[in-house]
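A short write-up of the structure that comes next.
Since every read-out is calculated from the coordinates, none of them should be taken as a lab result. Model, not experiment: these values are computed from the prediction. Here the Cβ positions follow ideal geometry from the backbone for every residue, glycine too, while neighbour counts run over all protein chains shown.
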Amino acid sequence: MKNYKGNRNSEGTESVSQAAKLAVIAGAITTLGDALATIAAGLALEDELKENESKNNDFDTLQKQIDDLNYEMKQLKKMFR
């Protein structure tokens, strides 16, 4: 009977060892996935900031054009008075 118990214990230890290895591999894969998700979120945020900056530049350009047109209209009004 001792042999039976001995075999049973070594099989149990081997199962635990394989389970531990799988747990470590799963943890590593999860960590890698989280890292990739974080990088993707950072890149998306960077793209959004660049897009907002571009829109702000467009608004600044439009505001300058409006200001220039207002100035021209004032000059024309002065000429026709």
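What to note about this one:
- Assigned charges on the beta-carbon of Lys, Arg, Asp, Glu; the chain dipole about Cα centre (debye): 280
- Gaussian network model of the chain, Cα within-10 Å springs - most flexible of Asp67, Asp47, Asp58: Asp67
- Rg over Rh [alpha-carbon atoms, Kirkwood Rh] for the chain: 1.79
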